[in-house]
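Taking it in order: structure first as structure tokens, then the write-up.
The values are calculated or read from the model by the stated rules, or taken from the named source; none is laboratory data. All values derive from a computational prediction rather than experimental measurement. Positions of Cβ are backbone-derived with ideal geometry, glycine not excepted, and every protein chain shown enters the neighbour counts. Just so you know, the surface numbers come from the protein's heavy atoms only, side chains and all, with ligands and any DNA or RNA stripped out. Shrake-Rupley method; radii C 1.70, N 1.55, O 1.52, S 1.80 Å.
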Amino acid sequence: MLSMSSLKLGEMLADKFTLEHLGSLQTVTKALRDEQFRFSVEVDVLGRLSALLSKLSDEIQVFSEEDQEQQSASLCLQLTAECFRAQRNACVQCPRNQCILRDQGCIQLSLGILGKLLKLSSGTSDYLFDALRCGIQFLGNIAVGNQLCKADIWDHGFPHIFLDLLELSDEKAVAYTCMVLHTCLDEDKTEQLRTEPRPMNVALKVVELCRTLPDVDWTVLIVTQHFFRSAELTERMYAEMNDQERLTLLELILAQLGEGKEDSLIPLRTAQFLVSCFQHSCRVVLSLSSVSSDDDQKALAVIMLLDILCEMTSDQRTFMTLQDHPDLLQTTVDLLKDVHLLGKASKNVFSAAQEFSTFTRPGDASTHPALSFKAHLIRLIGNLCHGHTANQDQVRELDGIALILDNCSIDSNNPFISQWAVFAIRNILEHNLENQKVVQGLRRQGVADDSMLREMGFRVEERNGSLLLRPLKKEEEPGER
């Protein structure tokens, strides 16, 4: 049966295409699923498939330029899809067949056919997307583990074919395109993305797809495993993006940091760039105190940047370098002062509240984006002061100790702010006598709950009308919770 179908492949090269030919081609496709046959298939069979694909390319060119009857165009697309399927199957874990098909010029031929298919109207046939999907899958399979095939796909298809394929309305075709892109990318190719406008557009499009097609996992893999490793590319993308696109990029960075894996580490230059972005735009978040603002998207980016900085300074691999970043601590303390004073001046999201209900603005369906912003500022200050005497001293000089202590009460607009305040004060006071003296010298204003100081390992002792800060004795230490 198979030998007859193989012979018919030769007949197809001379005859006008028929449905019988489609059946013969389907038999070959099915046979190539079998590993034993795939590894021993004759070179002549693969050669006939390549020749058939070349003939189909000519047929597609004809009916794309002339008004062909629907039935003829549909059969041509079905045969094209089936030929791609056969070649796709032939390449599965088979370097021999990959090299044979490459030597026969199938990569350039396939890219050319995809280019022709992209020019057709989607209404030409129901089989158009099927042919596109199978052609893209073939490129993916021939590239796996084969550097020469990857180079050919890149040299002959990038960026124009990739850009057009990524614009398709068919989600599967887009997903397969991202798979091919992921397979072909390496460090050198990633660097090429930032050098010219059209390659950069590929990078921007992939990030956009992360937002518009969140179920396409290949997009996230491309961004996190290739794009983020290039600090220059990340900076260039950020500069080219609008506010909404930047939010998507920052969400991906935050998710990458949350993985906690060795390969999820953000390059130091990228970390420093994100700090710079935060410093230059942080004050726009103050606009969120009003009922409506034209700067909401920019403010959301600042909030996301703050979350990223909190994560980076919580990681032993990156926080030490950011602790010494110029002016980051002062920027954070100054911003905390501003939002704290703003919250006291009028009732807004920065005001301390005891309502424990979702803060929303008229027309909003989700929680206010600035919820927990103060808490995260305090968290960042605490991280930056961990074991860092110069930063501890700077907080004192900026009058930040009393500011943080003033945020030790429960606040429904900032869940866990009291816990982060405890954490920050602990790091600010640790092994720093000058800072401890500041707390000791605070004026008493009535009875206060010292449970938070106890959680930090200190107790308040009154002596001769003064309050003294003492370390807890061992028997006084709070138990584990």
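Between I410 and Q316, the modelled label-to-label distance comes to 3.5 nm, taking each label 7 Å out from Cα in the direction of the beta carbon. When both region 165-198 and region 383-409 are represented by their alpha-carbon centers, they are found 46 Å apart. Spin-label model, Q272/A231: points 7 Å from Cα along the beta carbon direction are separated by 0.5 nm. Checking the a/c ratio against 1.5 first, then a/b against b/c, what shape does the Cα gyration tensor give for region 171-210? It is oblate, given that a/c is not under 1.5 and a/b is not larger than b/c.
If you take the square roots of the eigenvalues of the alpha-carbon gyration tensor of region 26-66 and sort them as a ≥ b ≥ c, do you get rounded (a/c under 1.5), prolate (a/b over b/c) or oblate? Spell out each step's value before the answer.
Numbers: a/c = 5.38, a/b = 2.58, b/c = 2.08.
Prolate shape, in that a/c is at least 1.5 and a/b is the bigger ratio.
Overall shape: oblate for region 309-350, with the ratio a/c of the largest to smallest alpha carbon gyration tensor axis at 1.5 or above and b/c at least equal to a/b. Accessible surface calculations at 1.4 Å, restricted to protein heavy atoms, place region 208-291 at 46 Å² per residue.
Calculate, for region 77-189, the solvent-accessible area per residue in square angstrom, rolling a 1.4 angstrom probe over the heavy atoms of the protein chains. Intermediate values should be presented prior to the final figure.
Values: 4080 Å² over 113 residues.
Per residue, region 77-189 has an accessible area of 36 Å².
Magnitude of the charge dipole for region 83-240, about its Cα centre and with charges confined to Cβ atoms of Lys, Arg (+1) and Asp, Glu (-1), is about 420 debye. Counting only lysines at least 8 places from K119 when in the same chain, those with an alpha carbon closer than 25 Å to its own are K16, K55, K150, K172, K205. For the residues Y238, Y127, a 1.4 Å probe over the protein chains yields an accessible-area ranking, largest first, of Y127, Y238. Rolling a 1.4 Å probe over the protein heavy atoms leaves W218 with an accessible area of roughly 90 Å².
Here the spin labels are modelled as points 7 Å beyond Cα on the Cα-Cβ line, and at K55 and D164 they lie 2.5 nm apart. Each of T234, T183 has its accessible area taken with a 1.4 Å probe; listed largest first, they run T183, T234. When nucleic acids and ligands are ignored and a 1.4 Å probe is applied, S281 ends up with an accessible area of around 40 Å².
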